[in-house]
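Dumping the structure here so I can ask a few things about it.
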Amino acid sequence: MKNLPHKKRNFNHFTLNERKLIQKLSRNGLSASSIARLLDRHRSSISRQLNNKSNTDFVKVGSKVKRLYVACKAQLNYETNKSNCGAKYKLLQDNKLITYIEDCVINKKWSPEVALGRAKLLGFSFNVNISAKSIYNYIDRNQLKITPFHLRFKLRRKKPKKQYIKQNKKKLGKSIEQRPVIINERKEFGHWEGDCVVDKNCNSIFVLTERLTRYGLMIKLKHHTSDEVLKNLNILKRKFGKKFKNIFKTITFDNGSEFYKTIELENKNFQVYFTHPYCSYEKGGVENFNGIIRRYIPKNKDIKSITRQKIQAINKQINDTPRKILNYRTPIEVFLEYIA
């Protein structure tokens, strides 16, 4: 049997002009069927419009008050129902989760993914389950207080520079090529990377990061010199005492002149290595840490005007930030386990 041709049905909603026409015709005494023929609509659709009490109101006609169809009210009901239809955004169903995410990203400078991972690790309970990708979608739709300026890499436009090795710079001490392979694998505690965050006036902060735990130290230098770097390393050595040899086994620096005196500290328990010239990526841990510091201390900021207390507060906040690579534990939590 052949399929019978059928008329294509259009499911167009009533417009405000159509509702006004329904109002006028119904008040002139026309039936739902008559109005349907004039508007080329199904009579059931017209009947639903006229019989829906939410579309009617009391209207004075002559000396009497009657309950009649009101086009503007029907249109308002339609728009309200339309805005409420469809699936609701999951995140917007849980104000507790919204507050938690906004606090972590805006105040603690965490990423959305870290905020969710940390909540899961600590066993926080929310009404909905949501992915980090969904949170980024809410941010893009301006549905949260979080803006792209709160996200570290969101506004990044520059392409990473191509890395290459130049051979025309003096090399200091032992090359990173001589560094034991186990250090590259990040499986043993006590191997550090060092660098300096410098402003335009050559004021600097000496930065050390432990490769396994991602724990970092920030030390404000009085002068950006090799003597000052060596002096602060000796202070650390005295501070940790007998534990120093277990906490600091190696440090890897770049070929900056401020690090050349560090080889004076070398002994059988402590070694210093240097990256290839112009290859900062070979100590990527401390470079990443420096990038996080720049969120608190922009490049145009005068480091000399920042107190040591402020620098230590920034240092603490960075070490208290959970890391995905640490299964959303914080660097300080993992570091303390190793030195316990």
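I'd like the full set of residues that are touching a residue at least 60 places away in the same chain (Cβ under 8 Å), within 11 Å of Tyr215 (Cα to Cα) and either among the charged types (D, E, K, R) or out of contact with any Leu (no Cβ under 6 Å at 6 or more places or on another chain) (or both), limited to segment 327-337. Full working, then the answer.
Our first condition is that a residue be touching a residue at least 60 places away in the same chain (Cβ under 8 Å); within segment 327-337, this holds for 327-329, 331-332, 334-335.
Of the ones still in play, those that are also within 11 Å of Tyr215 (Cα to Cα) are 331-332, 334-335.
Across segment 327-337, the qualifying residues are Pro331, Ile332, Phe335.
On to the next question. Could you check, for segment 242-263, whether at least one of its residues is buried (at least 16 other Cβ atoms within 10 Å of the Cβ), polar (S, T, N, Q) and part of a loop (DSSP other than H, G, I, E, B)?
Yes.
Which residue pairs have Cβ atoms closer than 8 Å, lie 6 or more positions apart in sequence or on different chains, and pair a first residue in segment 129-146 that is aliphatic (A, V, I, L, M) with a second residue that is open to solvent by 60 Å² or more (accessible area, probe 1.4 Å)?
So the pair list comes out as Ile130/Lys90; Ala132/Glu113.
Could you please let me know if Lys231 is closer than 24 Å to Ile318 by Cα, at pLDDT 90 or above, open to solvent by 30 Å² or more (accessible area, probe 1.4 Å) and not in a strand (DSSP E or B)? If you could, list the steps in order and put the result at the bottom.
Details: closer than 24 Å to Ile318 by Cα: no; at pLDDT 90 or above: yes; open to solvent by 30 Å² or more (accessible area, probe 1.4 Å): yes; not in a strand (DSSP E or B): yes.
Judged against the criteria, Lys231 is not a match.
Here are some residues: Gly241, Gly291. Which one is out of contact with any Phe, Trp or Tyr (no Cβ under 6 Å at 6 or more places or on another chain), in contact (Cβ under 8 Å) with a residue 60 or more places away in the chain and not hydrophobic (A, V, I, L, M, F, W, C)? Explain how you work it out, then say what you get.
Numbers: Gly241 fails: in contact (Cβ under 8 Å) with a residue 60 or more places away in the chain.
Unique residue meeting the criteria: Gly291.
Here is a further query. All but one of (1) closer than 15 Å to Glu210 by Cα; (2) in contact (Cβ under 8 Å) with a residue 60 or more places away in the chain hold for Tyr278; state the number of the condition that does not hold.
Condition (1) is where Tyr278 drops out.
Is there any pair linking a residue in segment 300-321 that is over 18 Å from Gly285 (Cβ atoms) and open to solvent by less than 60 Å² (accessible area, probe 1.4 Å) to one that is among the hydroxyl-bearing types (Ser, Thr, Tyr) and not in a helix (DSSP H, G or I), with Cβ under 7 Å and at least six apart or on different chains, and which?
Close Cβ pairs (under 7 Å, with a partner that is among the hydroxyl-bearing types (Ser, Thr, Tyr) and not in a helix (DSSP H, G or I)) amount to Ile303/Ser204.
Another question, if that's okay. Residues that are over 30 Å from Glu264 (Cβ atoms), open to solvent by 50 Å² or more (accessible area, probe 1.4 Å) and at pLDDT below 90: which helices (runs of 4 or more DSSP H) entirely in segment 88-178 hold 1 or more of them?
Working: elements: 95-102, 112-122, 132-140.
Because the criterion is at least 1 residues that are over 30 Å from Glu264 (Cβ atoms), open to solvent by 50 Å² or more (accessible area, probe 1.4 Å) and at pLDDT below 90, the helices (runs of 4 or more DSSP H) in segment 88-178 that meet it are 95-102, 132-140.
State the number of residues belonging to segment 19-52 that are touching a strand residue (DSSP E or B) at 6+ places or on another chain (Cβ under 8 Å) and open to solvent by 60 Å² or more (accessible area, probe 1.4 Å).
Qualifying residue count, segment 19-52: 1.
Test of understanding: among Tyr100, Tyr89, which residue is more than 30 Å from Gly291 (Cβ to Cβ) and in contact (Cβ under 8 Å) with a residue 24 or more places away in the chain? Can you show your working first?
On the way: Tyr100 fails: more than 30 Å from Gly291 (Cβ to Cβ).
Only one candidate passes the filter, namely Tyr89.
Checking the structure you have, find out if any residue of segment 191-206 is open to solvent by 20 Å² or more (accessible area, probe 1.4 Å) and of a type in the set (Asp, Glu). Outline the logic, then answer.
Here is the first cut: in segment 191-206, the ones open to solvent by 20 Å² or more (accessible area, probe 1.4 Å) are 198, 200-203.
The next check asks that each one be of a type in the set (Asp, Glu); those that pass are none.
Within segment 191-206, none of the residues are open to solvent by 20 Å² or more (accessible area, probe 1.4 Å) and of a type in the set (Asp, Glu).
I've got another one for you. Working carefully through the options Ile332, Ile339, find the one that is in contact with a helix residue (DSSP H, G or I) (Cβ under 8 Å, 6 or more places away or on another chain) and modelled with pLDDT under 95. First the steps, then the outcome.
Numbers: Ile332 fails: modelled with pLDDT under 95.
Going through Ile332, Ile339 in turn, just one is in contact with a helix residue (DSSP H, G or I) (Cβ under 8 Å, 6 or more places away or on another chain) and modelled with pLDDT under 95: Ile339.
State all residues of segment 41-68 that are more than 18 Å from Arg19 (Cβ to Cβ) and aliphatic (A, V, I, L, M); if no residue qualifies, say none.
Val61, Val65
The values are calculated or read from the model by the stated rules, or taken from the named source; none is laboratory data. Note that the structure is predicted; figures quoted are calculated from it, not measured. Cβ atoms come from the backbone with ideal geometry, glycine included; neighbour counts cover every protein chain shown. Keep in mind that these areas ignore ligands, DNA and RNA; they rest on the heavy atoms of the full protein, side chains included. Shrake-Rupley method; radii C 1.70, N 1.55, O 1.52, S 1.80 Å.
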